[in-house]
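Right, one structure below, let's go through it.
The values are calculated or read from the model by the stated rules, or taken from the named source; none is laboratory data. Remember, predicted model here, so these are calculated numbers, not experimental data. Virtual Cβ from ideal backbone geometry, glycine too; neighbours counted across all protein chains shown. Please note that ligands, DNA and RNA were not included when accessible areas were found on the heavy atoms of the full protein model with its side chains. Shrake-Rupley method; radii C 1.70, N 1.55, O 1.52, S 1.80 Å.
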Number of protein chains: 2
Amino acid sequence: MTQRRVNAGERERLRIRDGAFTGPTAGLAPGHVQANLAILPRALAHDFLRFAQANPKPCPVLAVSEPGDPRLPTLGADLDIRTDVPRYRVWRNGELVAEPTDLRDVWRDDLVTFAIGCSFSFEEALIDDGIEIRHITVGSNVPMYRTNIPCVPAGVFSGPLVVSMRPMKPADAIRAVQITSRFPSVHGAPVHLGFPASIGIADIGKPDYGDPVPIGPEEMPVFWACGVTPQAVVAQVRPEFCITHAPGSMLVTDLRNTTLSAL
Amino acid sequence: MTQRRVNAGERERLRIRDGAFTGPTAGLAPGHVQANLAILPRALAHDFLRFAQANPKPCPVLAVSEPGDPRLPTLGADLDIRTDVPRYRVWRNGELVAEPTDLRDVWRDDLVTFAIGCSFSFEEALIDDGIEIRHITVGSNVPMYRTNIPCVPAGVFSGPLVVSMRPMKPADAIRAVQITSRFPSVHGAPVHLGFPASIGIADIGKPDYGDPVPIGPEEMPVFWACGVTPQAVVAQVRPEFCITHAPGSMLVTDLRNTTLSAL
């Protein structure tokens with residue numbers, strides 16, 4: 001008898017599929033790409049994909065499903081998006097109506113799944129280089145802010161760029177630009193550093209999403225385009241139906257973070 | 001009759017060799033690498049090369065001659081370092097004793113020539129990308145500062161890192177990190193941005209070399225390791241004899257700036 005070898009991403013998905021894990025995915029399957037999730041009716045899917053294409057820094061698309069097909073074979077041969085995320089959010093007309101751990105009851109034949117790159121991948125590369133990630137050090141969520149930078153609109157989708165912020169010493173900020181530039185499919189290089197007010201952030205101590213983090217003397221806030229941007233944009237459209245992952249509860253894939261490196 | 005095709009670098013060197021040009025070289029032979037020059041007696045050459053090897057950001061060595069040999073064939077087949085720089089500085093025991101346009105009278109059989117990368121190369125890449133270089137806009141010399149960052153000492157050579165400064169908007173600073181990271185042999189990525197005091201610069205308006213430049217609102221000072229570092233280090237040693245280029249009067253080479261790009 002031979003057994004197929006299972007990678008860590010698939011192993012975690014199997015646990016999740018079996019209902020044995022329903023929590024946040026940070027730290028699961030180290031080295032494996034995790035993804036933000038947006039599932040939309042086919043009628044909105046083309047505009048959404050156009051929006052992502054026009055705004056690759058906040059919306060780096062890793063995979064798009066066939067309509068009605070719950071598989072994303074490029075992210076995992078066995079992957080079933082209806083069961084393989086620990087917790088989902090189901091939205092009707094812009095209202096959150098459920099947070100299930102399984103989508104089989106609400107699945108529709110017109111749903112298109114988008115897996116969108118997530119900053120976990122580049123944070124791993126930064127940590128591997130010895131750079132401290134403040135919100136990880138203090139054990140909170142990354143602070144995120146709506147900016148005054150408009151995304152390029154596409155169809156019904158429009159709205160401001162949302163950014164995540166990590167405070168760093170200047171030498172680490174320079175190194176972080178180098179490292180994250182290698183990862184264009186998970187937000188790439190920072191979009192700003194140093195002057196929050198100039199991108200429309202009035203109070204760095206009051207993020208619009210996530211938690212505030214301390215910024216030390218001679219540290220500067222470094223801002224990356226954030227995968228919350230597409231979620232905020234979808235929320236604004238109030239589609240009759242859509243599904244996202246629950247915050248922090250991502251899709252774990254078979255891909256290795258290192259394979260996303262452009263260099 | 002056939003004529004050998006002459007590149008722009010060689011053409012400018014021929015003019016300089018003939019005495020037809022004795023000025024600053026900024027803007028000569030666009031696209032061609034220009035180099036800082038240090039010529040030292042053989043007795044000091046090994047320590048100096050070790051210093052450069054240990055401090056590649058301020059001292060990126062492009063070529064080293066054989067002792068007594070005035071040629072640097074990797075930078076130009078016909079290049080003769082005794083005649084091909086518009087103006088030199090000759091130093092004896094640390095004192096400037098002459099600023100000739102030709103070294104044939106002072107040449108010695110024990111002299112070793114070092115050609116060291118210069119920021120002209122990366123400034124061209126920044127300008128080609130649409131980034132404003134302030135000291136070029138205002139028509140002055142780049143401001144340079146001694147820092148509190150020690151170079152790695154080697155033999156008799158030691159001293160602080162000297163940096164050049166270019167003020168930029170944050171988005172340009174991020175782009176400039178990406179662009180200059182591709183040019184490790186001409187100082188590479190910035191060494192600092194944002195907090196001059198934290199690298200020992202008390203007054204950004206008072207550079208130690210060059211001229212001050214205005215810094216606009218929501219601009220930050222971006223600092224690169226500077227080729228003045230090895231000159232300052234050599235000056236401190238007060239060697240019995242040495243030669244440098246006169247400020248701004250560089251060695252023009254056959255190399256293209258683009259060939260220095262690591263990617």
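Descriptive notes on the structure:
- Å² per residue, accessible surface of the protein assembly as shown at 1.4 Å: 43 Å²
- Principal semi-axes in Å for the protein assembly as shown [√(5λ), Cα gyration tensor, largest first]: 56, 23, 21
- For the set A:VAL64, A:VAL163, the ranking by accessible area, highest first and with no ligand, DNA or RNA atoms included, is A:VAL64, A:VAL163 under a 1.4 Å probe.
- Relative contact order of chain A, pairs being alpha-carbon contacts under 8 Å that are 6 or more residues apart, as %: 32 percent
- Close amide H pairs (under 5 Å, H built 1.01 Å from N) link A:ARG89 with A:THR244, A:HIS245, A:ALA246, residues at least 5 positions away or on another chain.
- Rounded to the nearest Hz, the phi-derived 3J(HN,Hα) couplings of region A:165-175 under the Karplus curve 6.51 cos²θ - 1.76 cosθ + 1.60 (θ = phi - 60°) are 10, 10, x, 8, 5, x, 4, 5, 4, 4, 5, where x marks glycine and proline.
- Per principal axis, descending, Cα span of chain B in whole Å: 56, 48, 31
- Residues of region B:147-172 buried by at least 10 Å² on assembly (accessible area, 1.4 Å probe, chain alone as reference): B:PRO170, B:ALA171
- Principal-axis tilt of helix A:228-237 within chain A, Cα atoms, nearest 10 degrees: 60 degrees
- A 1.4 Å probe, protein heavy atoms only, puts the accessible area of B:THR259 near 90 Å².
- Between A and B, accessible area buried - total, square angstrom, nearest 100, 1.4 angstrom probe: 1500 Å²
- Trypsin sites (Lys or Arg not before Pro) within region A:1-42: DSSP coil, no more than 10 neighbouring Cβ in 10 Å: A:ARG4, A:ARG5
- Semi-axes of the equivalent ellipsoid for region A:61-162, Cα gyration tensor, largest first, Å: 28, 20, 16
- D (Stokes-Einstein, µm²/s), Kirkwood Cα radius, region A:218-263, 0.890 mPa s at 25 °C: 174 µm²/s
- Against chain B, whose longest principal axis comes from its Cα atoms, helix B:8-17 is set at around 60 degrees.
- Within the accessible area of the protein assembly as shown (1.4 Å probe), percent carbon and sulfur: 53 percent
- Just so you know, the Rg over Rh for region A:119-160 is 1.17, from Cα atoms, with Rh as the Kirkwood radius.
- Of the GluC sites (Glu not before Pro) found in region B:82-143, those in coil by DSSP whose Cβ has at most 15 other Cβ atoms within 10 Å are B:GLU132.
- Each semi-axis of the equivalent ellipsoid for region B:120-229 is √(5λ) with λ an eigenvalue of the Cα gyration tensor; in descending order they amount to 22, 17, 13 Å.
- With distances taken between every two different alpha-carbon atoms, region B:19-65 has a Kirkwood hydrodynamic radius of 12.9 Å.
- Heavy-atom accessible area, probed at 1.4 angstrom with all protein chains present, ranks B:ILE116, A:ILE149, B:ILE127 as B:ILE127, A:ILE149, B:ILE116, highest first.
- FRET E, pair A:GLU240, B:ALA202, Förster distance 45 Å, beta-carbon r, rounded to 0.05: 0.10
- Taking only the C-alpha atoms of region B:5-132, Rg followed by Dmax gives 15.2, 46 Å.
- In region B:49-151, trypsin sites (Lys or Arg not before Pro) in a DSSP loop with at most 15 other beta-carbon atoms within 10 Å: B:ARG104, B:ARG108
- Ratio of the Cα radius of gyration of region B:165-224 to 2.2 N^0.38 Å, where N counts its residues: 1.12
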